[in-house]
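Please treat every number below as a calculation from the coordinates, not as lab data. Because the structure is predicted, anything quoted here is derived from the model rather than measured. Please note: Cβ atoms are built from the backbone with ideal geometry, for glycine as well, and neighbour counts cover all protein chains shown.
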């Protein structure tokens, strides 16, 4: 079946511009995660959505970052006034249920480059 | 929160040799430890996991061991093959069955290269 998809696959933007990154989770998965992967920095947790519960935003690095999940499915990560340090691969993952013991299925990521 | 350290950051082995990647965690309450493999250009994929009520788990050529007292766990790959080349991430979490709370804390990853 279809896996997690993300778009765009690559995004180059100028410093100061806003960007939107999209994630389409696996159908029926109630949990959705966003991570940031910088070179040599592993997987940095950003935000977690579980069903209709309030999202866990504890990983968002600044108020320039926000995310929403509409209708319990598609999610959009928005970065306002992008900075060069925002350059990274942004990964989305979904799981059947929330909680860490459910396998997370990752998308291929969006590579963001801020010039 | 939990802090997961992973070593080494890079590892090169000859095909057929074994590879070992080690992780330590800080929160003694952590009880769930998955390993993910990330191939070039793809997202990470779960390859094996272990819970704190067991000390070792095997799946064909891969195995994971856990030492709760020392708070460390390791991934062992035997008879390595070139297709094992990837970045491997360990993770830790305190996970209650059926609970939606909690998240994974990942290590920084190990780039494994298997030379033919």
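Size descriptors for the protein assembly as shown (Cα atoms only): Rg and Dmax, in that order, 17.6, 50 Å. In units of the compact-protein estimate 2.2 N^0.38 Å, chain A shows a Cα radius of gyration of 1.00.
Placing a label point 7 Å from the Cα of residue B:81 along the Cα-to-Cβ direction, the residues of segment B:1-37 with a backbone N closer than 14 Å are B:15-17. With contacts taken as Cα pairs under 8 Å at a separation of at least 6 residues, chain B carries a relative contact order of 37 percent.
Using R₀ = 41 Å, calculate the FRET efficiency as 1/(1 + (r/R₀)^6) where r is the Cβ-Cβ separation of residue B:68 and residue A:76; round to 0.05. Result of the calculation: an efficiency of 0.55.
Note: relative contact order over segment B:1-52, using C-alpha pairs below 8 Å and six or more positions apart, is 30 percent.
Pairs of Cα atoms nearer than 8 Å and 6+ residues apart set the relative contact order; for chain A it is 38 percent.
Counted by neighbouring Cβ atoms within 10 Å, the residues A:12, A:4 run from fewest to most as A:12, A:4. With the cut-off at under 18 Å, measuring from each backbone N in segment B:56-96 to a point 7 Å along the Cα-to-Cβ line of residue B:12 picks out B:80-88. Kirkwood radius for segment B:7-116, taken over all pairs of different Cα atoms as the inverse mean of 1/r, rounds to 14.3 Å. Secondary structure note: in chain A, about 90% of the DSSP beta bridges are antiparallel.
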